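Accompanying notes for the structure given below.
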Amino acid sequence: MTRSLPDFPWDSLAPYKRTAQQHEGGIVDLSVGTPVDPTPVVVQAALAAAADSPGYPLTAGTPALREAVVRWFARRRGVTGLDPAGVLPTVGSKELVAWLPTLLGLGPGDRVGIPAVAYPTYDVGARLAGADPVVVDGLTALGPLTTATAPKLLWLNSPGNPTGAVLGVEHLAKVVAWARRHDVVVASDECYAELVFDGPHAPGPAPSILDPRVCGGDHRGLLAVYSLSKQSNLAGYRASFVAGDPALVARLLEVRKHAGMIVPGPVQAATVAALDDDAHVVAQRERYAARRAVLRPALERAGFEVAATGAGLYLWSTRDEPALDSVARLADRGILVAPGSFYGAAGERHVRVALTATDERIAAAADRL
Ligand SMILES: Cc1ncc(COP(=O)(O)O)c(C=O)c1O
């Protein structure tokens, strides 16, 4: 299994990190999207109140959690008719992304469609199942398809990591119609939906694959993958879920019960509290909007062109030079970023600059730029 996996990309950044650490003002690490602001008090309190937890939690999630997810999708994403049986908590969404092809029973000979520049775990998940990742850059790029040659699973990511692009209702509806024609399961990773800053979809949330304007209220063959890591500063809790087609979710649940893929009880309680509170999400979006407003013009003044996409936690930036030249140039100024090549060959002349640093570190980066 490990032979089929790529080297872990971030390990290769070690020399640039050492260079950046030598800067007299210290490193500004913008290479990963790990939140740095406090976990909201309302969520910490719910975790603490549920700390006495001697028994095994439900793999399916408590009824309270499943209902909180249904309420949140209705209130924030305009999703009606979501069945609580179509909701399942996951141990962070990276876990689900990495194992979904395996949990769906895909294997050698099956194809998994992934975006051209993408979060690397979509590719990893296909490989873990022994399936073949294929870049799907537009639906016609796959050519004429039969049920035998069509991908079994197609990943979407909107707003996208690393580009920040948002897929609109019309685009999503076309993908769903295509997927239904070819019997393809669509998994839509939407964890940045509440973090929209500019453009026609601001201030968000971005449309969901489960939105009735996208799927006509029919969730068959569709899964929305969601995480509270980013919008609620809960990456340390591993609080996330998948929602959509109850028949698909039942298949996932059956394997996950046998395999012990269970979200801890106190984290399930904390997830309910986080989903029921919108105020902290608005405050967090405003923090990131302010950092974006400082960092983006500073990158542009330093000669970078920044993608005009408007959402997510990254500035997808290029000086039209090889990615590692840009990484080295920024490391000399004490700023660590990720080369676009981590996200696919199409990113080889970009860098990904994360907004996940304190106001003080973002100001330091802007100053140096
Ligand atoms: C597109 C995308 N999906 C999933 C994840 C995983 O998030 P988590 O495992 O914290 O839920 C990330 C994290 O950066 C991401 O960018």
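Values quoted throughout were computed directly from the atomic coordinates according to the rules given, and no laboratory measurement underlies them. Since the model is a prediction, treat every value here as computed from it, not as a measurement. Ideal geometry is used to build each Cβ from the backbone, glycine not excepted, and the neighbour counts take in all protein chains shown.
Any chance you could run the full-extension gain for ALA202 through GLU300? It's 0.36 nm times the residue separation minus the Cα-Cα distance, nm to one decimal. If you can, show how the numbers build up before the last one.
Numbers: separation 98, 0.36 × 98 = 35.28 nm, distance 2.17 nm.
In short, 33.1 nm is gained.
Taking label points 7 Å from Cα along the Cα-to-Cβ direction, ALA289 and ASP320 give a separation of 3.3 nm. Within the listed set TYR16, TYR343, TYR192, the Gaussian network model of the chain (springs between alpha-carbon atoms below 10 Å) gives the highest mean-square fluctuation for TYR16.
Which of these, GLU24, GLU190, GLU95, has the largest mean-square fluctuation under a Gaussian network model of the chain (Cα springs below 10 Å)? Judging by the Gaussian network model, the answer is GLU24. Here the range 141-257 carries DSSP beta bridges of which approximately 35% are antiparallel, counting only pairs with both residues inside.
Taking the number of Cβ atoms within 10 Å of each Cβ as an exposure proxy, the fewest-first ranking of ILE27, ILE362 is ILE27, ILE362. Only lysine pairs 8 or more places apart, or on different chains, with alpha-carbon atoms under 24 angstrom apart are counted in the range 52-277, and they number 5.
Computed over the range 52-277, the P(r) tail beyond 27 angstrom holds 27 percent of alpha carbon pairs. The peptide list 102-112, 313-323, put in order of mean Cβ contacts within 10 Å with the highest first, becomes 313-323, 102-112. The percentage of C-alpha pairs in the range 1-73 whose separation is greater than 16 Å is 75%. Take the Cα radius of gyration of the range 267-369 and divide it by 2.2 N^0.38 Å, N being the number of residues; the result is 1.22. The packing ranking, built from the mean of other Cβ atoms within 10 Å per residue, places the peptides 325-332, 235-242 in the order 235-242, 325-332, highest first. Mind jotting down the distance between the C-alpha centroids of the range 94-119 and the range 239-283, whole Å? Rounded to whole Å, the Cα centres lie 19 Å apart. Springs join every pair of Cα atoms under 10 Å in this Gaussian network model of the chain, and among TYR122, TYR56, TYR288 the largest mean-square fluctuation is at TYR56. First check a/c for the range 77-163, with a ≥ b ≥ c the square roots of the eigenvalues of its C-alpha gyration tensor; if it is under 1.5, answer rounded, and if not, answer prolate when a/b is larger than b/c or oblate otherwise. Judged from the Cα gyration tensor, the range 77-163 comes out rounded (a/c under 1.5). Shape of the range 321-369 from the C-alpha gyration tensor: oblate (a/c of 1.5 or more and a/b not above b/c, with a ≥ b ≥ c the square roots of its eigenvalues). Centroid-to-centroid, using Cα positions, the range 1-51 and the range 313-327 are 19 Å apart. Within the chain, antiparallel bridges make up roughly 55 percent of the DSSP beta bridges whose residues both belong there.
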